[in-house]
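The next block holds one structure in the form of structure tokens; read it before the comments.
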Amino acid sequence: MKCPYCRNDNDKVIDSRSGENGFVIRRRRMCVSCEKRFTTYERVAELDLRVIKKDGAREVFRPEKIRQGLERACWKRPIATDRLEEAIHEIVQEVYMLNESEIGTDQVGELVMEKLVDLDEVAYIRFASVYRQFKDIRDFVDEVRPILDRNQLRVEDDQVAASPNSNS
């Protein structure tokens with residue numbers, strides 16, 4: 001590994017740690033020549049997975065597109081960076097676990113939406129409005145209604161559990 005400072009290719013590993021649930025190894029290195037430290041990441045080479053777009057075009061699966069979509073949807077939302085990173089990692093892992101050579105953008109979008117609905121409802125609606133290409137307010141209402149119904153059920157369940165006459 002070449003030193004990013006002096007370009008010498010003689011370094012030693014000072015520390016190694018597993019990251020991203022064991023899918024990445026982070027190595028802290030020190031250049032033997034200039035003694036500066038730097039970090040490298042080692043991960044499994046990406047599988048040859050293609051995404052089939054809505055127009056039928058095929059392109060290489062790029063996890064950074066999932067990151068970009070989630071970051072746009074979660075912009076200015078109170079979501080911890082580590083929770084967002086975990087969601088991205090889980091989505092990418094689920095895509096690879098399908099063990100297919102090709103996957104439709106619709107499948108990827110649904111995986112993203114499944115994570116987002118539990119992560120942040122506003123971010124979910126933001127993503128859905130772009131992903132599902134809302135044409136008018138009815139499309140928006142149709143997407144929001146199941147979330148509102150689910151939240152109402154939670155409130156009712158909480159009220160039943162908190163009532164003094166409950167058998168809990």
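The values are calculated or read from the model by the stated rules, or taken from the named source; none is laboratory data. These numbers were taken from a predicted model, which means no experiment stands behind them. We place every Cβ from the backbone using ideal geometry, glycine too, and count neighbours over all the protein chains shown.
Would you be able to say whether some residue in segment 39-46 is surrounded by 13 or more Cβ atoms within 10 Å (Cβ to Cβ) and at pLDDT below 95?
Within segment 39-46 (the criterion being surrounded by 13 or more Cβ atoms within 10 Å (Cβ to Cβ) and at pLDDT below 95), the answer is yes, since at least one residue qualifies.
I'd like to check something: does segment 52-68 contain any residue that is of a type in the set (G, A, S) and over 21 Å from Y131 (Cα atoms)?
The answer is no; no qualifying residue exists.
For the structure I just gave you, tell me whether N151 is among the polar types (S, T, N, Q), outside any loop (DSSP other than H, G, I, E, B) and assigned by TED's automatic domain parsing to the domain that holds K65. So that I can check it myself, show each step before the final result.
On the way: among the polar types (S, T, N, Q): yes; outside any loop (DSSP other than H, G, I, E, B): yes; assigned by TED's automatic domain parsing to the domain that holds K65: yes.
So N151 passes the test.
Considering only residues that are within 11 Å of E102 (Cβ to Cβ) and of a type in the set (F, W, Y), which ones fall in segment 37-65?
F61, the sole residue that qualifies.
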